Structure formats: structure tokens, C-alpha cells
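To keep things clear, I will list the structure first and then write my remarks on it.
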Amino acid sequence: MERFYNVNTTFMMVAYLFWSAIAVALSMGLPLLNIALGILAGLYIGRKRLHEQAARDAFRKTAWKVSLFTALVTGLEALPIGLLGLKEELTKEISGSTAGLSRSFITGPADIAIIIMLCLILTVIQFLCTRAAAKFAFGLGASP
């Protein structure tokens with residue numbers, strides 16, 4: 001168990017980037033598996049800091065950094081996929097209906113703005129999911 005939680009941080013970041021790219025490919029461009037991967041990263045860091053018997057403040061700082069990393073990776077992967085998807089009419093209709101806009105409103109720059117807005121929302125969701133998972137995992141071993 002000790003070796004499992006002592007893996008090099010750089011290696012873990014590279015492994016996360018690799019598996020995140022695989023998750024995008026497996027979900028055909030949708031970030032659903034990336035959210036799950038971020039949750040796993042949160043669970044891992046929460047348990048790791050618990051096994052290290054880290055202070056709550058040190059844990060919060062680490063959880064924030066990991067959550068930010070997973071959120072940025074997910075957002076930066078989703079943005080080019082969304083922009084490339086603008087060439088597809090179906091993607092425009094789905095993104096417009098998600099944002100609550102009629103198709104007649106969505107043209108040119110509005111398309112790009114909607115994609116950016118949806119990527120920002122996705123980034124925030126990823127951050128919150130990773131942080132919540134880390135807090136949950138760290139809290140499992142907390143004394144009552």
C-alpha cells in the first residue's frame with residue numbers, strides 16, 4: 001500500500017494526460033469519461049494524503065491543485081473538440097439547445113461563444129467533482 005501512494009507526481013500527471021486522451025477517444029469526444037477520471041484522481045489524492053496523515057490545510061492545498069489540474073486538462077481537451085464540432089450541423093443544434101438558444105440566433109461568433117461557455121461550465125464541473133471526491137476520500141479516515 002505504501003508504494004501505491006508514493007508514486008512520482010510527474011509520472012502521475014503524465015499518466016493522467018495519457019488516460020484523459022484515451023477517455024476522450026473512447027467517449028467519441030464527449031467528456032463523460034474525463035469526469036470519471038477526475039473523480040478517480042480526487043479519490044486517489046484524498047487517500048494518499050490520508051495515508052500520509054497530512055494536516056487538513058495541507059490536504060486542502062493539494063486537493064485544490066489536483067482539482068485545478070484535472071479541470072484544466074478536461075477544459076483544454078474539450079475546447080478544440082467543440083470548435084471542430086462546429087463544422088457539424090447537429091453539433092450546432094445540440095449546443096444551441098443546451099444553452100437555450102434558437103438555431104436562428106446561433107451564427108458565426110455566437111457559435112464560438114457557446115462552445116467556450118460550455119467548456120467553462122465543464123471545467124467548473126470537473127473541478128468540483130474532483131475536489132468533492134478528494135474531500136470524501138480524505139474524510140473517510142477522519143476521526144469522529
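Observations on the model:
- Qualifying positions in the range 41-55 - more than 21 Å from Ile121 (Cβ to Cβ) and touching a helix residue (DSSP H, G or I) at 6+ places or on another chain (Cβ under 8 Å): Leu43, Tyr44, Ile45, Gly46, Arg47, Lys48, Arg49, Leu50, His51, Glu52, Ala54
- Any chance Ala21 is over 20 Å from Val7 (Cα atoms) and at pLDDT below 90: no
- Residues (farther than 19 Å from Ala137 by Cβ and in contact (Cβ under 8 Å) with a residue 40 or more places away in the chain) located in the range 1-33: Leu17, Ser20, Ala21, Val24, Gly29, Pro31
- Qualifying positions in the range 98-126 - among the charged types (D, E, K, R) and at pLDDT 70 or above: Asp111
- Filtering the range 57-97 to residues that are farther than 20 Å from Thr123 by Cβ, surrounded by fewer than 17 Cβ atoms within 10 Å (Cβ to Cβ) and modelled with pLDDT under 90 leaves Lys87, Glu88, Glu89, Leu90, Glu93, Ser97.
- The set of residues in the range 1-33 being surrounded by 14 or more Cβ atoms within 10 Å (Cβ to Cβ), in a helix (DSSP H, G or I) and hydroxyl-bearing (Ser, Thr, Tyr) consists of Tyr5, Tyr16, Ser20.
- Residue within the range 34-54 that is at pLDDT below 90, under 30 Å from Val7 (Cα atoms), of a type in the set (A, V, I, L, M) and part of a helix (DSSP H, G or I) present: yes
The values are calculated or read from the model by the stated rules, or taken from the named source; none is laboratory data. Everything numeric here is computed off the predicted structure, so don't read it as measured data. Don't worry about glycine lacking a Cβ; one is built from the backbone with ideal geometry, like all the others, and counts go over all protein chains shown.
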